[in-house]
1. Within the stretch A:542-559, how many residues turn out to be within 13 Å of chain B (Cβ to nearest Cβ) and not in a strand (DSSP E or B)?
2. Restrict the check to the stretch B:99-111 and report whether at least one residue is in contact with a His (Cβ under 6 Å, 6 or more places away or on another chain), within 14 Å of another protein chain (Cβ to nearest Cβ) and buried (at least 18 other Cβ atoms within 10 Å of the Cβ).
3. Could you list, in sequence order, the residues of the stretch A:292-310 that are touching a strand residue (DSSP E or B) at 6+ places or on another chain (Cβ under 7 Å) and either touching a residue at least 60 places away in the same chain (Cβ under 8 Å) or more than 14 Å from residue A:327 (Cα to Cα) (or both)?
4. Taking the stated definitions as given, is residue B:157 at pLDDT 95 or above, closer than 20 Å to residue B:206 by Cβ and not aromatic (Phe, Trp, Tyr)?
5. Is it true that some residue in the stretch A:178-197 is within 10 Å of another protein chain (Cβ to nearest Cβ), in contact (Cβ under 8 Å) with a residue 60 or more places away in the chain and open to solvent by less than 50 Å² (accessible area, probe 1.4 Å)?
6. Mind listing whichever residues of the stretch A:126-152 are within 19 Å of the chain's Cα centre (by Cα) and either facing chain B (nearest Cβ under 8 Å) or modelled with pLDDT of 75 or more (or both)?
7. With among the hydroxyl-bearing types (Ser, Thr, Tyr), away from every other protein chain (no Cβ under 14 Å), within 29 Å of residue A:254 (Cβ to Cβ) and touching a strand residue (DSSP E or B) at 6+ places or on another chain (Cβ under 9 Å) as the only criterion, which of A:517, A:578, A:489 stands out?
8. Would you point out the residue of the stretch A:387-418, among those that are aliphatic (A, V, I, L, M) and open to solvent by 50 Å² or more (accessible area, probe 1.4 Å), that is nearest to residue A:508 (Cα to Cα)?
Amino acid sequence: MRIVKKLLIGITPIGAAAYVAGGGTFGSFTALHEWLGVPEKTPAPPVREAAPALSSRERERKAILKAKKGLIVLLAVGAAAFFGGNSTLASFSAETSNRNANVASGTLTLSDQVESNSACLTTNAATQNNFNASCGAPLTISNVAPGVFGGSAKLTILNNGSVGARFLYLYASPVNGVLSTQLTVGNTVTTLAMSTGLEGNVSVGDSISVSFGTHSQTFVATAAASGGATSITVTSQPANYTYQAGSSVTDTSSDLSTGPVLASTITSGTAVTSIPISYLSGNVTAGDLITLTTAPPGSVSQTFVATSSPSGTASPTAISVTSQNATTTFPLTTTTVRDVSGNATNANIDCWDAKTTGTAVPPGTVTHGSDLNFDSTWGNPLCNTMLFYVQETTNGKNYCWVGKASLTQTGACVFPFSTTLSSSLSTGGGTISSLPVAALNGNVVTGDTITVTSGTNTQTFTASGNQYIGDTAIAVNPLTPTFAFPSGTTTVTDLQQNTSLSLLNSDQTDTIANFDTGKGPLGKLELAPVSSNGNTLASTYELDAGASRTFQVGVYFPAPNGTTQNQLQGLASSFGLTWHIDQ
Amino acid sequence: MGKRRATSTWRLKKALASLIVIGGLSFVTVSGTYAVLNSTESNFGSKVATGTLTFTNKANALTACASYGAGSTVNANPSCNALVDTSTLQYPSVAALPTVKIANDGSVDAADLKMYMATCTWGTTPGAPVVTGATNPCLASGLQFYLQETDSGGTPTTCWFPVHAAGACTWFASSLFVYQANHHTAAGAIDLGVGPAAGQARYFVIGLKLDAAAANTLQGQSATFPLTWHIST
C-alpha cells in the first residue's frame with residue numbers, strides 16, 4: 001500500500017495535468033467519488049469517547065483514504081478549471097491575453113554543387129518534399145580505356161538552412177525515375193510511365209514507391225525493367241492521390257543484391273540439364289545463353305543454352321538447359337548465374353550498363369558499342385568492373401570514404417591523377433625538385449613515376465613525397481628537364497610504373513556495383529567530420545547551418561594483368577549518389 | 001469488509017493505471033510531435049563510357065578485314081586475307097613484297113602494336129613434281145623474311161626485322177626461320193611501338209625471297225605461315 005501511495009503521489013501531477021489538458025469525462029463529482037470507491041459524504045458523527053487505538057491495518061486503510069481524498073481534490077481542481085473556463089458563473093472576473101505568440105520553425109536544406117556549376121537545391125525540388133533527386137551528374141566521362149586515367153570531379157555539399165544537421169549521410173541511390181504521366185486519384189494504375197528513363201534495373205516483385213509532397217503509394221513490379229526503360233509494369237491498384245508528373249519513382253527493394261546465384265552446387269563432370277537459381281529478375285527466353293561463373297580469384301565460367309522460358313520470380317526456380325557436363329564444380333551461393341542474352345538476371349541495382357551509340361566519326365569507324373557484337377550489357381558487366389572512389393578534401397583534410405584506401409598515404413584513396421603543368425620547365429635552370437601543376441585530381445605516393453609529356457617529348461621524374469588531391473606541386477627527386485615543357489599543354493600523370501596502380505588493376509571489390517549493394521539506403525555511410533587526414537571526430541553537428549564539405553569523386557577502369565577487357569568496349573555505366581542530412 | 005476493501009483498492013489501482021496511461025500518452029504524444037527535419041539530394045545519372053579499340057587489316061589491294069568482322073570472336077579475327085598465295089610462284093632473287101595496312105577504326109589510341117608468326121608449315125607447291133631430298137623452306141637456309149614499315153606512300157621509314165633501324169631493311173639468310181623461332185607466341189611477339197592512334201593507320205611491307213643461291217632441293221616446296229597483328233591500350 002505504501003508503494004501504491006508513492007505511485008499515486010508521483011503520477012498524480014502528470015495524470016492530473018494530462019487530465020486538465022485533455023478535459024475530463026466525469027459527469028459529476030458524485031460519479032467520480034463512486035468510481036474511486038470513496039463513500040458518500042455523511043454528516044459528522046456525534047462526539048464520542050476516544051476511539052480505541054487502531055490496528056496497523058486500520059492505520060493503513062486510513063492513509064489510503066487520505067491519499068484518495070488528495071487525488072479527488074486534484075481532479076476536482078482540474079474539473080473546476082475545465083468547467084470553469086466554459087461556464088457563465090456570475091462573479092467578478094478579469095483576464096488578459098498575450099497576443100500573437102509566434103513560433104517559427106527553422107529550415108534544414110541542402111545545396112549540392114558540382115565543380116563550379118550552379119548549385120542544386122532541395123528547396124525547389126519538383127517533388128516539393130525537400131528531396132531533389134535530379135541534381136547534376138558529377139561525372140560524364142567518355143572513351144575510357146583500361147589502365148588510363150578515368151576522371152574525377154569535385155562536389156561541395158552545403159547546409160543552406162538555418163538548423164544544424166546532426167547527421168550527414170552518403171549512400172548509393174536506389175533505382176529511381178521521374179513520373180511522366182499523372183496518376184489520378186481513384187483511377188486504376190497498371191503502368192508507371194517515366195520521363196528520362198529509369199536509373200537502374202527493376203526486378204519482378206520489387207516495391208515501387210511513388211511520392212509527391214507528403215503523399216506516397218507503393219506498387220509491386222510485375223515485370224523486370226532495365227535501366228533506361230520508360231515504364232514499369234505494376235500490379236493493378238487504384239491511385240490513392242493524384243500524383244502529378246514529376247513525382248518521384250523509387251524502387252525500395254533495390255541495391256540489396258548483385259544478382260541471382262546458384263541455388264544448389266553443380267559438381268564437376270556431372271551432366272547439367274537444369275540450373276537451379278536463387279531468383280529471376282525477369283523472364284528467360286529459350287535460346288538465351290546462361291553463364292555460370294565461380295567467385296574470384298581464378299574465376300571459371302561455363303555457358304549453357306536455355307531450353308525453357310521461366311518467368312521472373314523472387315523465389316528460387318530453375319532454368320532448363322541443353323545438357324552439358326560441368327567443366328568444374330560450381331558451388332552454391334558463390335557462383336553467379338547470368339543470362340547474357342537478356343535481362344532475366346540483371347541485379348536490381350542503381351548502376352546500369354548500355355551500349356554507347358552515335359554517328360561514327362570519322363565515317364566508317366567503329367567508335368560505339370552499338371557497332372560491336374561482343375559487348376553484351378546483360379548483367380551490367382561494366383558496373384561490376386569500374387572502380388569508384390569518394391575522398392573528402394574539406395579544408396585540406398583528407399578521408400577516403402569509398403574506394404580502396406591507401407596503406408601508405410593517410411586519408412587518401414588509391415587513385416591516379418592526370419593534370420597539366422602550370423608553369424613551363426626550363427632546360428637551362430639546372431635541376432628541379434618540384435613540378436608545378438594544376439590542382440591534382442588524384443593522389444601521389446612517394447616513389448611514383450611521374451611522366452611529363454609534350455608531343456613526342458617525354459621525361460620521367462620520381463615523386464619524393466606524398467601529394468593529395470588539390471595540391472599544386474609535386475615534389476620530385478632533383479632532375480634537370482630535358483625539354484622546355486610548356487605550361488598548359490604538357491600533361492603530367494602517374495599512370496606508368498605506379499605501384500599503387502597495381503593495387504587498383506587487381507581490385508574487384510571497390511566497384512560501382514558493390515558500392516550500390518554495400519552502401520545503399522540501408523547501408524548508408526555516416527560522414528562524421530574529418531579532424532585530420534584519415535581521422536574523424538564526433539561532433540554535435542556533422543554539417544552545421546551554413547557549413548559545407550567538399551569531396552572528390554572519381555572512377556578508374558582497371559587493367560588486370562594478362563586479362564583483356566574487350567567485352568567491356570563501347571559500354572556506358574550510369575549511376576547516382578545520394579546525400580542526406582538529418583536534424 | 002475485506003472484500004469491500006479489496007474492491008476499493010482495485011478500483012484505485014485501475015484509476016491509477018488509467019491516469020498513468022493518459023499521462024503517458026500525453027507525454028509520448030507531446031514528444032512525438034517534434035518535427036525531425038531532413039533533406040536529401042541525389043546526383044542523378046553520372047555516366048562513364050568506355051571507348052572502342054578495333055582495327056582493320058588490309059592485305060595488298062584486297063578488302064580490309066576487321067578484328068570484329070565475320071569469323072571473329074571477341075574482337076579477334078583469325079580469317080583475314082593471306083598476304084601471298086601459291087598462285088604466284090617464287091624464284092630465287094625474286095622478292096614477293098605484299099603490303100599490310102593496319103588501321104585503327106576504334107575510338108581509343110593503340111598504345112602498342114605487335115606481330116608474331118605462330119607457325120611455319122612446310123608443304124609442296126601444288127602441281128610440282130616430287131623432289132628427292134626436298135628441304136624445308138621454313139628452316140635455316142630457306143626463305144628470307146623482313147618486316148618493313150613505310151609511310152602511306154610506300155617510302156620506307158623503319159626496318160623492324162631482321163635489324164631494327166631507320167630506313168630500308170636488308171636481306172638476311174635464314175631470316176624467316178629466325179623470326180618464327182623468336183616471335184611465335186603472343187608473349188614473344190615483336191613490339192612495333194606505339195599506335196596507330198584512333199582513326200590512323202600504319203603501313204608495312206613483308207619481304208619474302210629465296211636467296212639467289214637457294215638450293216635446288218627447295219624447288220616445288222611451300223611455306224605456309226600466319227601473321228598475327230595485335231593492338232592494345
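1. Matching residues across the stretch A:542-559 total 5.
2. No, there is no match, as no residue in the stretch B:99-111 is in contact with a His (Cβ under 6 Å, 6 or more places away or on another chain), within 14 Å of another protein chain (Cβ to nearest Cβ) and buried (at least 18 other Cβ atoms within 10 Å of the Cβ).
3. A:305, A:306, A:307, A:308, A:310
4. yes
5. Within the stretch A:178-197, one or more residues are within 10 Å of another protein chain (Cβ to nearest Cβ), in contact (Cβ under 8 Å) with a residue 60 or more places away in the chain and open to solvent by less than 50 Å² (accessible area, probe 1.4 Å).
6. Answer for the stretch A:126-152, where residues must be within 19 Å of the chain's Cα centre (by Cα) and either facing chain B (nearest Cβ under 8 Å) or modelled with pLDDT of 75 or more (or both): A:130, A:131, A:132, A:133, A:134, A:135, A:136, A:137, A:138, A:139.
7. On inspection, the qualifying residue turns out to be A:517.
8. A:405
The values are calculated or read from the model by the stated rules, or taken from the named source; none is laboratory data. Bear in mind that the values here come from a model prediction, so they are computed numbers and not experimental data. Heads up, the Cβs are rebuilt from the backbone with ideal geometry, glycines too, and the neighbour counts pull from every protein chain shown. Areas reflect the complete protein model, heavy atoms only, side chains present, ligands, DNA and RNA absent. Shrake-Rupley method; radii C 1.70, N 1.55, O 1.52, S 1.80 Å.
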